[in-house]
Structures are given as C-alpha cells and as structure tokens.
Amino acid sequence: MAEINMVTAINQALAELLASDPRVVLLGEDIGVNGGVFRVTEGLYERFGRDRVMDTPLAESGILGAAIGMAVGGLRPIAEIQFMGFLYPGLDQLISHAGRIRHRSLGALSVPMVVRIPYGGGIRAPEQHADSAEAYLVHTPGLKVVVPSTPYDAKGLLYAALAQDSPVAFLEPIRLYRLGRMEVPEGPYQVPIGPSRVAREGRDLSLFAWGAMVPLALACAEEIAREDGAEVEVVDLRTLAPVDVEGIGRSVRKTGRAVVVHEAPMTGGVGAEVVATINETAFWWLKAPVARVTGFDLPYPPYAWEEFYLPGSKRLLKALRETLRE
Amino acid sequence: METWPIYRVMGPDANDEDRVPDPVKVKIYEDMVLLRTFDEKTITLQRQGRVGTFPPSIGQEASEIASAHALSKEDWLAPSYRDHGALYVHGVPFENVILFAMGKASSISGQVRALPTSIPIATHLPHAVGLAWAARRQGEAVVAMAYFGDGGTSEGDFHEALNFAGVLKAPVIFFCQNNGWAISVPVRWQTASPTLAQKALAYGVHGQRVDGNDALAVYQAVKAARERALAGEGPTLIEALTYRLGPHTTADDPSRYRPLEEWEVWRQRDPLVRLGRYLAERGLLSEAEQAAIQERARAWINRAVEAAEATPPVDPTAMFRYLYAEPPPRLLAQMQALQEEIG
C-alpha cells in the first residue's frame, strides 16, 4: 500500500469517483486547467474533460447554487470553494437552500452534493485565507460537516460524503495537506459520517480536536505522558455535524476531565457545543471544569501574528495541566 | 444600438402572428380563470383567518399561466413565492396550494419537476442553471425555467446565474415578471436600465421583452426560448411586462405607496378580460361559455377549500421526518422529547 499525503488521498478519491460514477461532476474556481490552487484536482481535467471538471466563473454563490440544481437534477456535484474565507458570498446558498430543500419538499427532493473547503491557518497565507468558519455550517440544519485530519480519513470521508442523501461540507485543513503521509488503500472505502475517532487512548482526560488541531493534540498528549505521567485521550471528532454525542459522552465518563481545542474564535464556536454535550452526557462524572483552548475572538490576524493567535502547544499544555490538577 | 421592442400577438400593436393552437388558447383561458378565482377566494380566506399570509397574482395571470403552458412536464421549474399559478399548470393541485397557505404542506407535491418556491429573492436562479446543466449532462431534452420579478434583477444571484448560464450555454429560461413594484419600490428605483431585458446583453444571453398581459405572446416567447435552448443556442432572459393589481401579500396595503391612477390604467389592461374578448371575437369561446367556465371555477375552488379544510391537523412530530434520510440520534431524541411533551 502506498504512503501518500492528504492532497494525494483526496485527489485519488476524486479520480476514482469520477471514473466510477458518471453522475460525479467537479466545479469550482481554477480546479480544471490549473488543477486547483492546492493541486488537489491536478490531472483530473486532462483525464475527464471540461464537462466533468469545470472551471467556473468566479462566483461562490453561483457555484454553490448551480451545484444545488445539479444535485436535485440527478448529478453528484463536488464543488470547491477556494478558501473558507471566500465562502461567505455562497453561505446563503447553503443556509437558505442546500440545507432546506429536502425539508421544504417534505422529502420529495434531496441535495446530494459535497462542498470541499480548504480552511484554517498556520501557513502564513495572505489575509482572509485562513478562516475556520465551521460554526456557521454546524448551526445550519440539514448540512453535514466533516473534517479529516489524516489522509486515510480524508479519502474515506469523501467517499462517505458523496454517498449521502444530504449536502456535506468537507473541510480540508490546509496545514495538513502535505504534512505527513500514511498508508491509504486504493479503491473505494468509507469512513462513516458521525462517529468520532479515538486517536490516542487515555484514562485521565479527554481532549477533543479536529482538523489541524489533532496533530497538536497528539503531540501535547505525548508530552503530558512523558512529563506528567498522565494519559490524555485524544478524540478526533471528524464529523462536526451531526456531532458524535455518544462518543463525547463515553470518553468523558471514562476520564472525568475534558478540554476542547479549535482554531476558530471562542464565542459561539463548536467548542461550546462540545462543552454543552459533555454537560448533557457526562456532567456527574466530571472532576474539573471543562476548558476551551481556541483562537481569540478576533478576525484571523495578518500572518506575523498567527503564531500568537493560533492555539499552540504552550496554550494547550497549560490548559491540560490545569484541568488535570483540579 | 440594440432596441428592445415589446413582443405582442394580440391587439392592434401585434408584431407577430398567433400560432397558438386553439385548444391551448382555451385551456390557458380556463387556467387563468381558475387562478383569478383561487386568488380572490384565498384573499377572502386570509381575511377570515383561515389561511396565512398569501401573495396573490391578480393581474399577472397571462404571464403565470401561459408561460407554464409553453413548457413540457419534464422541464424543471424554479419558482418564487408568487408562482402557484405556474406550479398548478406544471402539476401541483390547488388543494395543495391552499394547504401550503395554511402552513400544512410543501409548496410542491407529487412527482412535479419543480423546486419548492424560493422565498428569498432570486437566490434560486443559479439552481435553474444547475438543473439545466444536469439535464443536458444526462441527455434529457428538457429546459429549466426560473420565475422571479423585477426586484430580483437587483440581486447578485440574478447576475451570477445569467453569467453562469451564458458561459455554459445552459438550456435555461429566466422568466422575469416585471410587475412594476417590488413591494413598495418602483422599477425606476430598482435600476437605471431603461429595460430589464437588456441586462441579458452583458452576459451574452438572449434578451426579450414581452407584453406580459398578452397570454399568447407570453406562450410563444417561452416556446421560442425553449426551442432555442434545446437547439443548444443558450439561455434567454424574458422580461414580461405586467402589473400586480393586488397587494404584494395580504399583509400590505398598496394604497400607501402606489398611485391609484397607475392602477386604473393597468386595470383596463386586465389580461383575463383581454384574452376572453379575443377568444369571443374569434368564435372560440362565447361570453356564455366564459361565464360557465367562471362558474365552474368557483365551484371547483370552493370544493378544493373544503377538502383542504377537512384535512386533519398536522402530526407535530412529522416535521422531523424529512430533513435527513436517517435522522441523527440527537434529532431523534428531540423528536421523542416533543412526543412526550404533547403526550
């Protein structure tokens, strides 16, 4: 089995899906001839042609709106939004339509589309290229939201996303695109949407993370094991909507302590949802208040500040130690 | 310099021949009567508190009905909130429209090839492009038609959709009913363009103005746009010039913003009266036959209202049923909680 990075894993899944299902259509800005600004769609235009791998006009609402129509009309569109910071002109299509058409038609129509969205910071990108806007999506009924943190999960979640009868936002952590390789099987397989993944077992504290925060969480867990002799369980949520209520509760009932870490601003973030879920499923097992380690309540700053803005090991280790001490 | 003449088939200013088959003309008339009758009845029901807020299309029946008659049932409709008339022609029964006005049903029903009516303005236009593209990809000889109004042409999605459709040469028709008013804002405050049809020019899309109160002109214009789309000649923007004789919805009072003199002028151009006279003059439908059609429509609509009002109250937990093929555990828990709450 070949060891590949996340970009290659997603590219492989897209190529296999295009080859095996004539309903699959890719559309987005610069995804064709240029192969995508991150090269995720490289080689697909040459192989499948302009009708399957469509370079669209520069219009996010148009892209998502057209994808909705394609999905209702029987295709399986996979739209790309170039950066999450450019999603907002198209957000209305997801909120007002993609997430609602099944409900508003009382099940007569469905919108089986996938929206791939590179997101997150840590790559010294220009302004407005590093947003983590998952909370807007998670708050939208009807929309499923997944975030892989490994090449294996990226491919398997993409297969699962395309098999849904619902629109799925597929968030790709830019920082992890080329950060590491692992064995990824060729051919189809699904990583189910919904269940979280225990990335590291532990008995003393549950650390919830997704996307680019997962490697940070794992590194901090190792350091805590080494320096403090405590075992942190790292739970990669992988699916943010519908969130794994059972998985969150199960882990915290075991450990009695929890920390949640995300890049997005704190207020109204998905971390708050995780804390509330812990409250509902594991409150009586808690030995300490649940901590949140997040980006600040600021727009993502120019990159000279990003090392101070993003949750890093110093901030996360402090929160872990305080929570373990209580 | 391109000019934008108004396409007409009926009356002294006609600039094309009537090629609409006689039975189709009569059917269009019958459906226009049905829509007028339905709207008048539903306004009354709303005043009596028997249905919720309702957007009548009185004055726009020619545009609503004739446009939809020019389509095939296999074509896709992307309607807005005032398009129950077009939806009816496409296959959604009026009983369903009443149930929708009662908040008890979807705006679409059965196997009709239509999206639910878009309530936000013009954001459904890109959907029509996608539907048209999907149909072409799958080798179907069908078009998609989006319905919207003059106000919709100010929205970004109008421009994104026309631009997309032009680039893709998608088989789509953008059917704009310019009824003069976007709630209280007149067209001249909506745009500095002398016409709405000319906006097509910027996108390499065919644009046409049509007398929207001339049912036969509307029918032939949409037919021609459909044929052009199916021949691979790309999308069309049709501006149908009509007038909303009633309120935007039952929740507003047009006398607050609209001059009575203007309304008087357009009342004289009532599309229903106009088509009725045209059919009578040609011996296709006598005045007595028209009166009988109106009588039948009233009886039929009354029965539809009775049927709708006889439906049982909604099942409270039914609203959980449709959002996902398989509701996630938390949603199921919420449904069970509601079930317990209501006992």
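The values are calculated or read from the model by the stated rules, or taken from the named source; none is laboratory data. Remember, predicted model here, so these are calculated numbers, not experimental data. Cβ: placed from backbone, ideal geometry, glycine included. Neighbour counts: every protein chain shown.
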Residue satisfying condition, being within 9 Å of another protein chain (Cβ to nearest Cβ), in contact (Cβ under 8 Å) with a residue 40 or more places away in the chain, under 25 Å from B:A197 (Cβ atoms) and in a helix (DSSP H, G or I), within set B:A161, B:A170, B:A86, B:A135 | B:A135
Within the group A:G247, A:G229, which residue is within 25 Å of A:L157 (Cα to Cα), modelled with pLDDT of 95 or more and surrounded by fewer than 24 Cβ atoms within 10 Å (Cβ to Cβ)?
-> A:G247
Taking the stretch B:314-343 and keeping residues free of Cβ contacts under 8 Å to residues at least 24 places away in the same chain, assigned to a loop (DSSP other than H, G, I, E, B) and either farther than 30 Å from A:S196 by Cβ or in contact with a strand residue (DSSP E or B) (Cβ under 9 Å, 6 or more places away or on another chain) (or both) leaves B:D315, B:Y324, B:P328, B:G343
Yes or no: B:E74 within 12 Å of another protein chain (Cβ to nearest Cβ), out of contact with any Pro (no Cβ under 9 Å at 6 or more places or on another chain), acidic (D, E) and touching a residue at least 24 places away in the same chain (Cβ under 8 Å)?
-> yes
Which ones in the stretch A:178-198 are crowded, with 21+ Cβ neighbours inside 10 Å and over 27 Å from A:G99 (Cβ atoms)?
-> A:V184
Within the stretch B:1-15, can one find any residue that is at negative phi and under 13 Å from the mean Cα position of the chain (by Cα)?
-> no
A careful count of residues in the stretch B:312-325 that are within 14 Å of chain A (Cβ to nearest Cβ) and surrounded by 12 or more Cβ atoms within 10 Å (Cβ to Cβ) gives 9
Taking the stretch A:179-198 and keeping only residues that are in contact with a helix residue (DSSP H, G or I) (Cβ under 6 Å, 6 or more places away or on another chain) and away from chain B (no Cβ under 14 Å), one is left with A:M182, A:V184, A:P188, A:Y189, A:Q190, A:V191
Test A:V115 against the criterion of being part of a loop (DSSP other than H, G, I, E, B), within 14 Å of chain B (Cβ to nearest Cβ) and of a type outside the set (G, A, S), and give yes or no.
-> no
Output yes when any residue across the stretch B:107-120 is touching a residue at least 60 places away in the same chain (Cβ under 8 Å), assigned by TED's automatic domain parsing to the domain that holds B:P247 and not hydroxyl-bearing (S, T, Y), and no when none is.
-> no
Failed condition for B:G59, given (1) more than 14 Å from every other protein chain (Cβ to nearest Cβ); (2) at negative phi = (2)
Output for Cβ contacts, cut-off 6 Å, separation at least six or different chains, first residue modelled with pLDDT of 95 or more in the stretch B:248-271, second in a helix (DSSP H, G or I), reads B:P271/B:E61; B:P271/B:A62
Positions within the stretch B:253-297 being in a loop (DSSP other than H, G, I, E, B) and surrounded by 14 or more Cβ atoms within 10 Å (Cβ to Cβ), in sequence order | B:R258, B:R269, B:D270, B:L284, B:L285
Inside the stretch B:36-67, the number of residues satisfying the requirement of being in contact with a His (Cβ under 8 Å, 6 or more places away or on another chain) and without any contact (Cβ under 8 Å) to a residue 60 or more places away in the chain is 0
Test result for B:A221, of a type in the set (A, V, I, L, M), surrounded by 24 or more Cβ atoms within 10 Å (Cβ to Cβ) and either under 26 Å from B:R274 (Cβ atoms) or modelled with pLDDT of 95 or more (or both) | yes
Of all strands (runs of 3 or more DSSP E) fully inside the stretch A:205-250, the set with 1 or more residues that are under 11 Å from A:S149 (Cβ atoms) and more than 14 Å from the chain's Cα centre (by Cα) is A:232-236
Qualifying residue in the stretch A:75-89 (condition: touching a residue at least 24 places away in the same chain (Cβ under 8 Å) and within 7 Å of chain B (Cβ to nearest Cβ)) = yes
Of the residues that make up the stretch A:12-32, is at least one away from chain B (no Cβ under 14 Å), in a loop (DSSP other than H, G, I, E, B) and out of contact with any helix residue (DSSP H, G or I) (no Cβ under 9 Å at 6 or more places or on another chain)?
-> yes
Hey, among the residues in the stretch A:251-277 that are out of contact with any strand residue (DSSP E or B) (no Cβ under 9 Å at 6 or more places or on another chain) and within 14 Å of chain B (Cβ to nearest Cβ), which one's surrounded by the fewest Cβ atoms within 10 Å (Cβ to Cβ)?
-> A:A276
Within the stretch B:78-101, is even one residue within 30 Å of A:G49 (Cα to Cα), surrounded by 24 or more Cβ atoms within 10 Å (Cβ to Cβ) and not small (G, A, S)?
-> no
Options A:A160, A:A169, A:A225; residue that is over 25 Å from A:E307 (Cα atoms), out of contact with any helix residue (DSSP H, G or I) (no Cβ under 7 Å at 6 or more places or on another chain) and among the hydrophobic types (A, V, I, L, M, F, W, C) | A:A160
